Amino acid sequence: MEDLDYWKHVLSERTEDYEFEVERGEDDTLIKLCRDAVEEAKTKIEELENV
């Protein structure tokens with residue numbers, strides 16, 4: 001469960017980063033990187049929950 005807690009924390013942090021960058025609207029590359037990080041965390045959580 002430690003991994004699941006870790007990825008939930010990562011998802012929370014990356015979601016905040018993504019929302020901040022979208023609001024700033026200055027760097028499309030950074031927005032994409034943040035969105036990719038959110039998706040990675042969601043995928044990891046889903047994998048861990050389905051084990």
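What does the helix-only formula give at 222 nm for the chain: each DSSP H stretch with n ≥ 4 adding -39500 (n - 2.57), the total divided by the residues, and the result rounded to the nearest 500 deg cm²/dmol?
Values: 2 runs with 45 residues, N = 51.
Mean residue ellipticity at 222 nm (helix-derived): -31000 deg cm²/dmol.
Mean projection of the alpha-carbon convex hull of the chain over all orientations, in nm²?
For the chain, the mean projected area of the Cα convex hull comes to 3.1 nm².
At a 1.4 Å probe radius, carbon and sulfur cover how many percent of the accessible area of the chain?
Heavy-atom surface of the chain belonging to carbon and sulfur, 1.4 Å probe: 46 percent.
With every protein chain left in place, what is the accessible area per residue of the chain in square angstrom, probe 1.4 Å? Don't jump to the answer; show the numbers that get you there.
Numbers: 4110 Å² over 51 residues.
Solvent-accessible surface per residue comes out at 80 Å².
How far apart, in nm, are two points set 7 Å out from the Cα along the Cα-to-Cβ line at L30 and at S12?
In this crude label model, L30 to S12 measures out at 2.3 nm.
What's the angle, to the nearest 10 degrees (0 to 90), between helix 28-49's Cα axis and the longest principal axis of the chain?
Here the helix axis deviates by roughly 10 degrees.
Please give me, ordered by residue number, the GluC sites (Glu not before Pro) of the chain that lie in loop per DSSP and have at most 10 other Cβ atoms within 10 Å. List each step's numbers first, then the result.
Numbers: sites: E2, E13, E16, E19, E21, E23, E26, E39, E40, E46, E47, E49; in loops: E26.
The qualifying sites are E26.
Suppose every K and R has +1 on its Cβ and every D and E has -1 on its Cβ; what is the size of the dipole of the chain about the Cα centre, in Debye to the nearest 20?
On the way: 7 positive and 18 negative charges, 18 e Å.
Here the chain has a charge dipole of around 80 debye.
The values are calculated or read from the model by the stated rules, or taken from the named source; none is laboratory data. Bear in mind that the values here come from a model prediction, so they are computed numbers and not experimental data. Cβ sites come from the backbone with ideal geometry, for glycine too, and all protein chains shown count toward neighbours. These accessible areas exclude ligands, DNA and RNA; they are computed on the full protein's heavy atoms, side chains included. Shrake-Rupley method; radii C 1.70, N 1.55, O 1.52, S 1.80 Å.
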